[in-house]
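Engineer: First the structure, then my questions, so here it is.
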Amino acid sequence: MCITGASGARYGLKILKELSKDNFVYLLISNNGYVVLDREEKVSKDDIKKLINKNVKLINVRDISSTLASGSRLIETKGVIVAPCSMNTLANIANGVSQNLIHRVCDVALKEKVPLYLLIREMPFSLIHIENMKKVALAGAVVSSASPGFYHNPKTVEDMVNFVVGKVLDFFKVKHSLYKKWRKNEN
């Protein structure tokens, strides 16, 4: 689980909370991710350490010697989620440039065919953003915008966040009850 410097840190925090209920999670936060966590959610670096439970291991984004930087270890995971994914992180992944451990982990995920899910939180998209999304999608990543649906009749911002987070968890087949699914089969 990676949190980068795009707006929408709440998505990353909610995914972390849901995933770590029943799964072990490696957590990587970029330097700009910490800035956005603090500004948007009033969550400091020290607060993050308090959120860590027995199922979460926080890894320094500069620790390029981490076992996660190795394909032989990353293949043991169920996948990689970057939420929110900044355009800077997307560009680095799309162009094979590893300036930190998040970029390296995503690069390794692509080469080892480990599921990689990038939750983009930006609008509008420039042609460069679209081209970078195309590159990573062709390489095997899932690119998703943080766009809530409304068929479940959300009443709060949290309802909309839960919808987006639920969709990410659905991709990895993680059970949750974050949003009401579309109607059951009416046959």
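Engineer: Arranged from highest to lowest average of other beta-carbon atoms within 10 Å per residue, in what order do the peptides 92-103, 137-148, 166-177 appear?
Structural biologist: 92-103, 137-148, 166-177
Engineer: Rounded to the nearest Å, what's the spacing between the alpha carbon centres of segment 116-187 and segment 6-79? Just the number, please.
Structural biologist: About 19 Å separates the Cα centre of segment 116-187 from the one of segment 6-79.
Engineer: Also, I was wondering about something else. May I ask you to derive the FRET efficiency for residue 150 and residue 65 from their Cβ-Cβ distance with R0 = 35 Å, giving the value to the nearest 0.05? The partial results should precede the final answer.
Structural biologist: Numbers: r = 45 Å, r/R0 = 1.29.
With a Förster radius of 35 Å, E is 0.20.
Engineer: Further question on the same structure: Towards the positive end of the charge dipole of the chain, with charges on Cβ (+1 Lys, Arg; -1 Asp, Glu), say which of 152, 118, 70 has the farthest Cα.
Structural biologist: The residue sitting most towards the positive pole is 152.
Engineer: Right, here's the next one. Under a straight-distance cross-link criterion of Cα-Cα below 23 Å, which lysines are reachable from residue 111, leaving out those fewer than 8 residues away in the same chain?
Structural biologist: Those lysines meeting the cut-off are 78, 134, 135, 173.
Engineer: Ok, one more. How high is the FRET efficiency between residue 24 and residue 157 when r is their beta carbon distance and R₀ equals 30 Å, given to the nearest 0.05? Provide the component values of the computation, followed by the final result.
Structural biologist: Working: r = 29 Å, r/R0 = 0.97.
Efficiency, rounded to the nearest 0.05: 0.55.
Engineer: Cross-link partners among lysines for residue 42, C-alpha distance below 26 Å, same-chain residues fewer than 8 apart left out?
Structural biologist: 14, 17, 21, 50, 54, 57, 155, 167
Since every read-out is calculated from the coordinates, none of them should be taken as a lab result. Computed from a predicted model, the values in this text were never measured in an experiment. Glycine also receives a Cβ, built like all others from the backbone with ideal geometry; neighbour counts cover every protein chain displayed.
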